[in-house]
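Since the structure comes first, as structure tokens, the remarks are kept for the end.
The values are calculated or read from the model by the stated rules, or taken from the named source; none is laboratory data. Please read all numbers here as calculations on a predicted model, not as lab measurements. Here the Cβ positions follow ideal geometry from the backbone for every residue, glycine too, while neighbour counts run over all protein chains shown. To get the accessible areas, we keep the full protein, side chains included, count just its heavy atoms, and leave off ligands, DNA and RNA. Shrake-Rupley method; radii C 1.70, N 1.55, O 1.52, S 1.80 Å.
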Amino acid sequence: MKDLSFSTLQELLHAKSGPLTRELLRTPSEFGLGQLPSSQLPDATTNMVCGYCSTGCGLKIHLKDGDAINLSPSGEYPVNRGMACPKGWEALTVLDAPDRATTPLLRGSNGKLQPVDWHRAMEEFVTRMKSVQSQHGPESAAFISTGQMATEEMAYLGALTKFEMGMLHGDGNTRQCMATAVVAYKQAFGFDAPPYTYADFEESDVLVFIGSNLCLAHPILWERVMRNPHDPEIIVIDPRQTETAMNATQHLQVAPKSDLSLLYGIAKILIDNDWIDHEYIDEHTSDFESFKDFVQQFEIDHVAAETGIAVEQIHRFAKTIHSGKRVSFWWTMGVNQSHQGVRTAQAIINLALMTGNIGKPGTGANSITGQCNAMGSRLFSNTTGLLGGHDFTNPEDRTKVADILKINESNIPNENSWAYHEIMEGILKGKIKALWIACTNTAHSWINQNQARDILSRLDFLVVQDIYHSTETAQLADLVLPAAGWAEKEGTFINSERRIGRVKKVRHAPGQALSDFNIFRLITKYWTKDKTSNCGDLFDRWASPEEVFHSLKEISRGTPCDITGIDNYEMLDEAGGIQWPCSEQCDDDNTAGKQLPATERRLFTDGNYYHADQRAKFIFEAPRPLSEPTSDSYPFTLLTGRGSASQWHTQTRTSKSAVLRKLYPNDPFVEISPTDARRLGIQENDLVEVVSQRGSMTAMAFLTHSVSLQQVFIPMHYEETNKLTDSVFDPYSKQPAYKACAVSVRPSQRTS
Ligand SMILES: Nc1nc2c(c(=O)[nH]1)N[C@H]1C(S)=C(S)[C@@H](COP(=O)(O)OP(=O)(O)OC[C@H]3O[C@@H](n4cnc5c(=O)[nH]c(N)nc54)[C@H](O)[C@@H]3O)O[C@H]1N2
Ligand SMILES: Nc1nc2c(c(=O)[nH]1)N[C@H]1C(S)=C(S)[C@@H](COP(=O)(O)OP(=O)(O)OC[C@H]3O[C@@H](n4cnc5c(=O)[nH]c(N)nc54)[C@H](O)[C@@H]3O)O[C@H]1N2
Ligand code: SF4
Ligand SMILES: [Mo]
């Protein structure tokens, strides 16, 4: 075996390697705590960003003998300023769970997963992947990546699979989440570029939230809104009266997926009243005239009928936008997860452009991301796009990336990957035979679960790389690779406002678990043991996350996400995270007076966009009807989403904290209006059956006026929820439409 000695493995397993070592081996005095030698006190602290949501809060980790013993929110970090939500406070606790994956597991001839050592796991991985590829072609093996690993890990995985292993198809769970925003921005601005900085939450006098339950899904960003000193108007557009809507000054309770008509109707009112910024439109945008003609058909009476919002309320909304001096528009999954998500996001962008509310403090058409590193995945995972926002189909981009990485250009695929759902369909059609899922829980979070599970069962080889062995997807795997989690490894995350922050290894992963980075390195070693690597010495050079970071910097040079001005990881610590872009020229205006970039930076301050003509585009299209309208048999529209600030997605992590478990209902519940419940003979806390054309689930009835008549809401955190959802996708972003399908509700059995 080529240069994979026992000691290499030992080193990977046990070493506190890389830049981290320097962090951990510093003496307490270097952290300013040297005068306090009490055995009770932590002997050092170090800062890193949280590993859950895209807010990207800074957390101070308290260390004892080099290991994390506790944490507290960082007071200096520009994002959270001393605050954290319950998930953040409990982030270390959940790593100590008994179901942590501590050794590789291989499905034996008895059908059960059994522990094996890394050597056996790697032999199995390589033999079976290669056998599938030699029988069915290199493209018959695919991967699903994530928005929750470090950028450097995603980049390594994307390069290893596509440049070395010959895979063509690899997508991320970011498809479920941010694909719509990506496509909307690319088409409108010429690059996937959320323009804002969090200070905008405090600098607006009108904030419009569309399909965002910020209060619960991004609680610390909501805190930033609460710090806004301008007594702002807060407008929430959501079919439900969410926690966020309850705190709004205006709540527009739209019929599900009717946002597009509403936003076009608002555009018409703004145009008809001449409440638009002609100068901005003339100088910085294209296609406004055809947009203006297009929106004429959105008569307010029709819009009111379609959206269920009163004419006066629509007028008031338009007028508030007009009278606001600094209006910011924010959107999340209520927009992205829709059969017409991209056009809805662009209708929001259009409003910001036509009123000149972009590129200035307190403004913007702002998509809030979800996962801690969704932005890293969008730019650097090598899935949808070639590394660094490049394009697989563009020969110049391929040459550039190949030259920088010193690899042969022919190793870079010249076509795009299938999207997540196309990969799933590929399995169904027998074209994909092996799948490697890293850091996402497909068998819970993917849409239309009964079908999804059937699809996964058809694979010849399913590899799941996770920090827990108990996840719904790991339970289906042929091979489970045990990963180290957040705080057990090094790298960087990029948050919603484009801020790159550090994650550090401040504790050992349990058992034989390895960082995702080191798992990828180990696989590289075994994959190339009998042959020379297709990528020359690339993977030898990529021996630490920071080496990968330096390559990514070079790849970003001259692009809108240029980060060549970030010297090294230490600079990220010093600056309190750094927002992209940060080219070599952006180093002179930091508030601390150091040669560091400014703490808050927004895009498009000069009105120049990334299209060749430097203009932003108005993009629009006629609204389409709901993919699955309600009917006599299925009279309710099901909405799904986040249920509480203390639950994270498929709950593999948050369910491990006793504190968090007290903060949310353990069993599935369905929100239903008291009027509908009465009609169906359902009382509070009754068990009910919720049935769609694809499956059914039992949930406890929660009677609340926060949902409208003939609508119900179930959080996504429960395994059963996605048995109901329908495989419908936005045609441009291919993002699943998780937030509207038709269901029926009937009493199941009374609990008391
Ligand atoms: N506590 C917690 N926080 C999280 C997460 C978590 O799992 N738990 N996940 C993170 C991730 S990855 C993401 S992507 C974000 C998601 O953050 P959000 O998008 O804010 O959360 P959701 O609850 O999925 O959806 C937001 C709202 O969209 C509404 N909605 C549904 N249909 C429509 C519609 O047609 N129009 C409009 N206008 N609204 C609609 C729903 O009623 C819901 O209140 O949260 C992040 N933060
Ligand atoms: N019905 C419905 N479904 C939805 C949504 C909805 O609103 N409604 N929202 C969608 C959205 S926006 C999202 S983002 C997805 C999220 O869906 P998933 O990505 O499936 O959800 P998570 O529970 O975050 O899964 C992450 C997995 O990675 C593991 N993990 C954590 N850290 C690490 C690590 O460092 N390394 C490795 N290898 N593994 C790790 C966790 O244990 C977990 O199993 O769900 C989507 N599904
Ligand atoms: S708001 Fe998000 S980033 Fe901040 S502590 Fe909570 S989960 Fe972590
Ligand atoms: Mo997400």
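Observations on the model:
- Close amide H contacts of S367 (hydrogens built in the peptide plane, cut-off under 5 Å, sequence separation of 5 or more or a different chain): W331.
- Cα-centre dipole for the range 695-752 with unit charges at Cβ (Lys and Arg positive, Asp and Glu negative), debye to 20: 140 debye
- Long-range HN-HN contacts of N47 with modeled amide H, under 5 Å: I61
- Atom-type composition of the exposed protein surface of the chain places 48 percent of the accessible area on carbon and sulfur (1.4 angstrom probe).
- Cut-off 18 Å (backbone N to label point 7 Å along Cα→Cβ of E547), residues of the range 504-520: 515-520
- Residue-wise HN-Hα coupling along the range 657-670, computed from phi with Karplus coefficients 6.51, -1.76, 1.60 (Hz; x: Gly, Pro): 9, 4, 5, 5, 4, 6, 9, 8, x, 5, 9, x, 9, 10
- Contact order relative to length of the chain, as percent, for alpha carbon pairs under 8 angstrom and 6 or more apart: 19 percent
- In the chain, the longest principal axis of the Cα atoms and the axis of helix 516-527 are about 50 degrees apart.
- 222 nm mean residue ellipticity, helices alone, for the chain (DSSP H n ≥ 4; -39,500 (n - 2.57); rounded to 500): -8500 deg cm²/dmol
- Amide H contacts under 5 Å for C582, placed H, 5+ residues apart: D562, I563, T564, G565
- Cα gyration tensor shape for the range 636-747, rounded if a/c is under 1.5, else prolate or oblate: oblate
- Pairwise label distance in nanometres, K529 with H230, each label 7 Å out on the Cα-Cβ vector: 6.2 nm
- Angle between the chain longest axis and helix 179-189 axis [Cα atoms, degrees, rounded to 10]: 70 degrees
- Once C-alpha pairs closer than 8 Å and six or more residues apart are averaged by separation and normalised to the residue number of the range 45-96, the relative contact order reads 29 percent.
- Gain on full extension, evaluated as 0.36 nm per residue between D293 and S109 minus their Cα-Cα distance, stands at 59.6 nm.
- For N416 and T127, the difference between the fully extended length at 0.36 nm per residue and the C-alpha to C-alpha distance is 101.4 nm.
- In order along the range 483-488, the Karplus-derived 3J(HN,Hα) couplings, from 6.51 cos²θ - 1.76 cosθ + 1.60 at θ = phi - 60°, round to 10, 6, x, 3, 6, 10 Hz, and Gly and Pro are given as x.
- In degrees, nearest ten, helix 341-354 long axis to first principal axis of the chain (Cα): 70 degrees
- Neighbourhood charge, 13 Å Cβ-Cβ cut-off, centred on L724 and excluding it, Lys, Arg +1 and Asp, Glu -1: -2
- Peptide ranges 50-62, 447-459 listed from the most packed, as the mean C-beta count within 10 angstrom indicates: 50-62, 447-459
- Checking every one of the GluC sites (Glu not before Pro) in the range 398-496 against DSSP loop status and a limit of 12 other Cβ atoms within 10 Å picks out E415.
- Cα-based shape type of the chain, given that a ≥ b ≥ c are square roots of the gyration tensor eigenvalues and the cut on a/c is 1.5: rounded
- Rounded if a/c under 1.5, otherwise prolate or oblate - the range 45-96, Cα gyration tensor axes: oblate
- Here the range 462-476 is scanned for amide nitrogen atoms under 16 Å from the site 7 Å beyond the Cα of N666 along Cα-to-Cβ, giving none.
- Cross-link pairs exceeding 28 Å between alpha carbons, from the set K162/K489; K406/K525; K400/K429; K433/K504: K400/K429; K433/K504.
- Counting 0.36 nm for each residue step from L709 to A310 and taking away their Cα separation leaves a gain of 142.0 nm.
- Label zone at I300, where the point sits 7 Å out along the Cα-to-Cβ direction: the range 251-277 residues whose backbone N lies under 16 Å: 262-276
- Modelled spin labels at N685 and H136, positioned 7 Å past Cα toward Cβ, are 5.0 nm from each other.
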